[in-house]
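Written out below as structure tokens is the structure these notes cover.
Readers should treat all values here as calculations from the given coordinates under stated rules, not as data from a laboratory. Keep in mind that what you see is a predicted model, and the values were worked out from it rather than measured. Every residue, glycine among them, receives a Cβ derived from its backbone with ideal geometry; neighbour counts consider all protein chains shown.
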């Protein structure tokens with residue numbers, strides 16, 4: 001056991017020494033890895049922020065279904081029960097004519113002309129069902145249900161209210177967030193591949209520079225893992241340092257945006273929420289960065305050593 005620990009320590013020590021010795025070669029690899037990990041981290045935070053923004057928008061949006069005056073309360077409540085069974089329905093509330101009138105008066109309390117017109121006309125406000133969706137991308141499912149002939153005949157013409165410009169505005173928001181998420185994923189993949197290739201070439205050059213030393217180690221009977229180990233440790237060191245640097249960069253960016261720029265949002269990106277999310281999940285995000293950095297470095301190094309050292313796979 002002690003011998004194995006000594007061997008492991010030598011591998012780690014040699015890898016760190018090689019990293020310091022090859023610092024010039026490591027600059028390019030670490031620069032691209034920092035960019036890659038920064039994109040990974042920013043994409044993760046942006047995705048959480050967009051999800052929160054969409055949820056806030058969704059919570060403020062409801063589909064208003066206006067019922068015919070001839071529809072009884074029992075029929076309306078039966079419709080509410082059916083709507084609650086739809087997968088994309090978060091909540092359903094029913095307002096009879098009097099409750100709908102009271103709600104209208106509260107919403108237009110600052111416009112006494114509208115209030116007077118509604119009360120003097122003998123309550124023209126129809127009974128209303130308010131539906132809150134879970135996912136705006138799947139809101140068409142609710143609309144399809146409300147468009148069924150048996151359901152449509154209970155509604156006033158032009159109901160539900162989710163239509164026209166309002167629908168277009170909501171769809172534009174969800175479409176924009178989906179595009180930004182896809183761009184983030186594509187950017188992460190592209191930079192991860194570039195980063196892996198640069199580390200691959202860096203390790204290849206390190207192997208070439210140490211070819212005489214590796215030949216002597218082989219002649220002395222060094223095992224495959226012992227020869228490969230320092231290169232893997234060197235690449236993992238790239239990943240660890242790059243992860244720490246990327247976290248510090250993102251932290252500095254949020255600090256600058258929230259304090260120096262005095263910005264609370266950037267389009268759909270809620271900077272205050274993003275900064276709060278980063279602070280509350282700092283250790284989780286740091287672990288994510290370290291994991292991605294270590295995996296990219298280790299995999300690139302293992303492939304490079306297998307490719308250029310021609311190890312036996314016994």
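Side notes on the structure shown:
- Look at 242, 70, 252 and count the other Cβ atoms within 10 Å of each Cβ; fewest to most, that gives 70, 252, 242.
- Here the convex hull built on the C-alpha positions of the stretch 62-161 has a volume of 102 cubic angstrom per residue.
- The per residue volume of the convex hull around the alpha-carbon atoms of the stretch 43-110 is 103 Å³.
- Percent RCO, i.e. relative contact order, over the stretch 62-161, from Cα pairs under 8 Å lying at least 6 residues apart: 47
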